[in-house]
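Structure, as structure tokens:
The values are calculated or read from the model by the stated rules, or taken from the named source; none is laboratory data. Note that the structure is predicted; figures quoted are calculated from it, not measured. Using ideal geometry, Cβ is built from the backbone for each residue, glycine included, and neighbour counts are taken over all protein chains shown. Just the protein is used for accessible areas: all its heavy atoms, side chains included, with ligands, DNA and RNA removed. Shrake-Rupley method; radii C 1.70, N 1.55, O 1.52, S 1.80 Å.
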Amino acid sequence: QVQLVESGGGLVQPGGSLRLSCAASGSIASVYVMAWYRQAPGKERELVASIGNSGTTTYADSVKGRFTISRDDAKNTLNLQMNSLKPEDTAVYYCRARIITRTGIYETVYWGQGTQVTVSS
């Protein structure tokens, strides 16, 4: 009923920038907290940044000042502007959203399929 599709990943040199996007589609009534997570090889998935539907944002300490999360509620999209990228930012990045569908009552967590970000010279 609901799909999250990420785009914008790729290979970038250290110090470069990338912009990730996530589009939510389907039978959506309301979208609440949206977030980006990442998972590097051999590591657990970790929260990168989140944004509430009031616009309140949180960031992992490792990305503060370099990444900016934003959302467009009219289009049900989530973005992550990543600047000054470092090799340690290399990971699969996942979009997550808490959504109530048109036929649902409670918030349900949905995940995208992930997009690879590789930072390397």
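Below is a table of values for the structure above.
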quantity	calculated
Point-to-point label distance, residue 1-residue 56, nm (Cα→Cβ direction, 7 Å offset)	2.7
J(HN,Hα) series, the stretch 14-23, from Karplus relation 6.51 cos²θ - 1.76 cosθ + 1.60, nearest Hz, glycine and proline x	x, x, x, 10, 9, 10, 9, 10, 9, 10
Rg in Å to one decimal, and Dmax rounded to a whole Å, for the stretch 73-120 via C-alpha atoms	14.5, 45
The chain: translational diffusion in µm²/s, Stokes-Einstein, Kirkwood Rh over Cα pairs, 37 °C, 0.692 mPa s	227
Difference of contour (0.36 nm per residue) and Cα-Cα distance, residue 121 to residue 86	11.6 nm
For the chain: relative contact order, % (alpha-carbon pairs under 8 angstrom, 6 or more apart)	37
Solvent-accessible surface (1.4 angstrom probe) belonging to residue 28, in square angstrom, nearest 10	20
Inter-site label distance for residue 39 and residue 13 at 7 Å from Cα along Cβ, in nm	3.2
Zero-based 5 Å bins, Cα pair distances in the stretch 21-81, whole percents	4, 17, 28, 22, 16, 9, 4, 0
